[in-house]
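Report on the structure given below.
Any read-out appearing in this document is the output of simple, stated calculations on the displayed coordinates, not a laboratory observation. Keep in mind that this is a model prediction, so the values were computed, not measured. We place every Cβ from the backbone using ideal geometry, glycine too, and count neighbours over all the protein chains shown.
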Amino acid sequence: MMSDTPEKIDEKTDALLSDFKARMKIFHSSEDDYLKSILEASTAEIFELCGEFDPSTYPRGKELIFERSRYAYNDQLEFFYPNFQESILNISFDLMEGDTDGN
């Protein structure tokens, strides 16, 4: 994401926001800025831990971003890392091997 323009980053975050709100059953827009900041932080953290990928084409990575965001939204972030350690490692290995087809 670092090489993307600010407009591209905003587009990607907006797409993630829409999907995340649907998943979390959030139907209002009063928290959109807060949710965007959570999604941006979660994306940056997952990219740091696993490597960069396109969330729109790699469902396992997008799921991990959403899970971290869910934990952050519910003020339970300290439980994310131990609960998702295996997923973090598996996605890291997938990205090292270039396997981002979502299988």
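Here Phe47, Phe53, Phe66 are screened, and the one residue that is under 11 Å from the mean Cα position of the chain (by Cα), among the hydrophobic types (A, V, I, L, M, F, W, C), more than 20 Å from Arg23 (Cα to Cα) and assigned to a helix (DSSP H, G or I) is Phe47.
Being in a loop (DSSP other than H, G, I, E, B), over 23 Å from Leu17 (Cβ atoms) and of a type in the set (Asp, Glu) is the requirement here; does Asp75 meet it? Answer is no for this residue.
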